[in-house]
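The values are calculated or read from the model by the stated rules, or taken from the named source; none is laboratory data. In this text the structure is predicted, and so the values were computed from the model without any measurement. With ideal geometry, Cβ positions are generated from the backbone for all residues, glycine too; neighbour counts draw on all protein chains shown.
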Amino acid sequence: MGDKNIFKEILGHKSATLGLFIVVFALIISFIGPQIAPYDYREQNMIDRFHPPSSEYKLGTDNLGRDILSRILHGTAITMQIGFFSVAIGLTLGLILGLLAGYFGGIIDRIISGLIEIMLAFPSLLLALVIVSILGPGLYKIMLAVGIRTMPIFARLTRGQVLQAKTTDYVEAGEVLGATDLRIIVKYIIPNIISPILVMATLQISITILTAAGLSFLGLGAQPPIPAWGSMVAEGRAFLRYAWWISTFPGLAIMFIVMGFNLLGDGLRDIFDPQLNR
C-alpha cells in the first residue's frame, strides 16, 4: 500500500464509496437513533396494534402497538455493536493463533491448524448455534459466540500471510540483524499482512450481522424487550398476510447494512490488490 491515500482511493471507487456512505450512515444512526426516535421502543399501545405506515407511525406498529421505526433506530446500535465487537473478538484470537502457527511452525502449527480445520468443518451458523446454546441467550453471549465463529477464518488467513511474509527479504534481514521473534512479528510481519486482514474483517462484519440476526430470529440472541432486528423479523412472521411491515422493514434494515459492509469490503479488496481487476 505504501504511499496510497486510502480515503482518496475509496472515493475513487464507486462501490466502495457507496459502501462507506452506508456504513457511516449506520454508525451515525447507531449514536443518534435513540435521540431521534419518535417513541420509546418499549412503549406499547394496544389501541394502535397493527397500525400500517402513516404520518403518525412512519413504518407502522407491531402486534403490541410498538412503533417499528423507533425499534429499528434503537436496534441499529445493537446491530453495529454485535458486528464490530464480534469481529474484534474473532480477529484478535485469530491473529494470535495465526501468527503463532505461521511463524513458529512445527508442532504448534499442526495443533493450531488442526483446531482451525475442525472448526471450519462446521457450517458457520451451526457452529455459532452450538456455542450460543452452551453459553445461553443474551446480547454479550451472542457477541462472544459469533466472535468465536469468526476466529478460525482469521487464523487461517493470518497463517497463510505469515508463511508468505517469512520468505521476504525484510524478514530475513531482521533475522540476520539479530532481531527477536517478537520484534520481527510486530515490526516486519504484522504491518505487511494487515491489508488482507482488514478486508476480511470488513466482509466478516456483514456475515456476523447476518449470523446474529439468524440467532435472534431463533430466539437465541438479545432477549426482549431489546429490539434486535432478527427477533423483530421473527415476531412479524405470523402476521405477514395483513401486517407485512412488521417483518419487512427490519429485514430491509438488515439487507441495507449488510450490503454496505460488503460493498466497502469488496472495494477495499480491489484497492489493496489491484491485480484482481486485471
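If we scan region 107-119, do we find a residue that is in contact (Cβ under 8 Å) with a residue 60 or more places away in the chain and either of a type in the set (D, E, K, R) or surrounded by fewer than 20 Cβ atoms within 10 Å (Cβ to Cβ) (or both)? No, the conditions are met nowhere in region 107-119. Scanning region 7-26 for residues that are surrounded by 14 or more Cβ atoms within 10 Å (Cβ to Cβ) and assigned to a helix (DSSP H, G or I) gives GLU9, ILE10, SER15, ALA16, THR17, LEU18, GLY19, LEU20, ILE22, VAL23, PHE25, ALA26. For GLU175, the conditions (1) crowded, with 17+ Cβ neighbours inside 10 Å; (2) in a helix (DSSP H, G or I) are fulfilled apart from (1).
Any residue in region 253-268 that is aromatic (Phe, Trp, Tyr) and closer than 19 Å to GLY33 by Cα? Yes, region 253-268 has at least one match. Among the residues of region 65-79, the one identified as more than 13 Å from TRP229 (Cα to Cα) and either of a type in the set (Val, Ile, Thr) or over 30 Å from the mean Cα position of the chain (by Cα) (or both) is GLY65. Is it the case that some residue within region 52-62 is crowded, with 20+ Cβ neighbours inside 10 Å and closer than 20 Å to TYR140 by Cα? For region 52-62, residues crowded, with 20+ Cβ neighbours inside 10 Å and closer than 20 Å to TYR140 by Cα: absent. Kindly evaluate THR168 against the criterion of being closer than 30 Å to ALA16 by Cβ, among the polar types (S, T, N, Q) and touching a residue at least 40 places away in the same chain (Cβ under 8 Å). So THR168 does not fit the description; no. Among the residues of region 28-47, is there at least one that is in contact with a Phe, Trp or Tyr (Cβ under 7 Å, 6 or more places away or on another chain) and buried (at least 17 other Cβ atoms within 10 Å of the Cβ)? No, region 28-47 contains no residue that is in contact with a Phe, Trp or Tyr (Cβ under 7 Å, 6 or more places away or on another chain) and buried (at least 17 other Cβ atoms within 10 Å of the Cβ). Filtered by the rule that a residue be buried (at least 23 other Cβ atoms within 10 Å of the Cβ) and of a type outside the set (A, V, I, L, M, F, W, C), region 131-147 gives a lone residue, GLY147. Against the conditions (1) modelled with pLDDT of 95 or more; (2) more than 24 Å from ILE197 (Cα to Cα), ASP40 satisfies every one except (1). Candidates in region 148-161 are the residues that are over 13 Å from VAL130 (Cα atoms) and not hydrophobic (A, V, I, L, M, F, W, C); of these, the one that is surrounded by the fewest Cβ atoms within 10 Å (Cβ to Cβ) is GLY160. Here TYR140 passes the criteria (1) in contact (Cβ under 8 Å) with a residue 12 or more places away in the chain; (2) aromatic (Phe, Trp, Tyr); (3) under 15 Å from ALA212 (Cα atoms) except the one numbered (1).
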